[in-house]
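In what follows, a single structure is set out as structure tokens and then discussed.
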């Protein structure tokens, strides 16, 4: 199971690396280039969904209570000191973002994606660091 978790972390880091490359030209290209828009939104979805999947993998690995929602999956990591509680509480919003990308993508405001969402990639890196620290202790 640890191997699968580490593989997921590696994949998420690859996606993040790609997303950082999209950031500099986001506002200029988002509305003009449908391929750019599609790729950016796809990688954002993969990262947000992957973070939740990673939480579920950790929960299964530790035999913790099964979450009833994506949001709760992140919350459980905070309750069990795998993530700092405050961080988990705030980071759990990624579940709503994942659902938004999956179901309401037609309502996307490119300024929010380019200015706010891409500025939060560091939070995903921090999440991965916390998970990696936990794995290293396991």
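Structure summary
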| quantity | calculated |
| --- | --- |
| Unique match (being at pLDDT below 95, out of contact with any helix residue (DSSP H, G or I) (no Cβ under 6 Å at 6 or more places or on another chain) and either crowded, with 17+ Cβ neighbours inside 10 Å or under 25 Å from residue 138 (Cα atoms) (or both)) among 103, 3 | 3 |
| The listed residue being in contact (Cβ under 8 Å) with a residue 60 or more places away in the chain, buried (at least 19 other Cβ atoms within 10 Å of the Cβ) and out of contact with any strand residue (DSSP E or B) (no Cβ under 7 Å at 6 or more places or on another chain), out of 131, 74, 135 | 131 |
| Filter result for residue 9 (over 25 Å from residue 114 (Cβ atoms), at pLDDT 95 or above and assigned to a loop (DSSP other than H, G, I, E, B)) | no |
| Qualifying residue in region 64-77 (condition: closer than 14 Å to residue 130 by Cα, at pLDDT 95 or above, in contact with a helix residue (DSSP H, G or I) (Cβ under 9 Å, 6 or more places away or on another chain) and not in a helix (DSSP H, G or I)) | no |
| Qualifying residue in region 27-36 (condition: touching a residue at least 40 places away in the same chain (Cβ under 8 Å) and assigned to a loop (DSSP other than H, G, I, E, B)) | yes |
| Unique residue being surrounded by 15 or more Cβ atoms within 10 Å (Cβ to Cβ) and touching a residue at least 12 places away in the same chain (Cβ under 8 Å) when the list is 118, 111 | 118 |
| Filter result for the condition that a residue is surrounded by fewer than 16 Cβ atoms within 10 Å (Cβ to Cβ), in contact (Cβ under 8 Å) with a residue 40 or more places away in the chain and over 20 Å from residue 42 (Cβ atoms), over 60, 66 | 60 |
| Residues of region 90-104 satisfying the condition of being closer than 14 Å to residue 55 by Cβ and part of a loop (DSSP other than H, G, I, E, B) | 92, 93 |
| Residue in region 23-33 that is under 25 Å from residue 3 (Cα atoms) and crowded, with 19+ Cβ neighbours inside 10 Å present | no |
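The values are calculated or read from the model by the stated rules, or taken from the named source; none is laboratory data. Source: prediction; values computed, not measured. Neighbour counts are summed over all protein chains in view; Cβ atoms, including those assigned to glycine, are modelled from backbone coordinates with ideal geometry.
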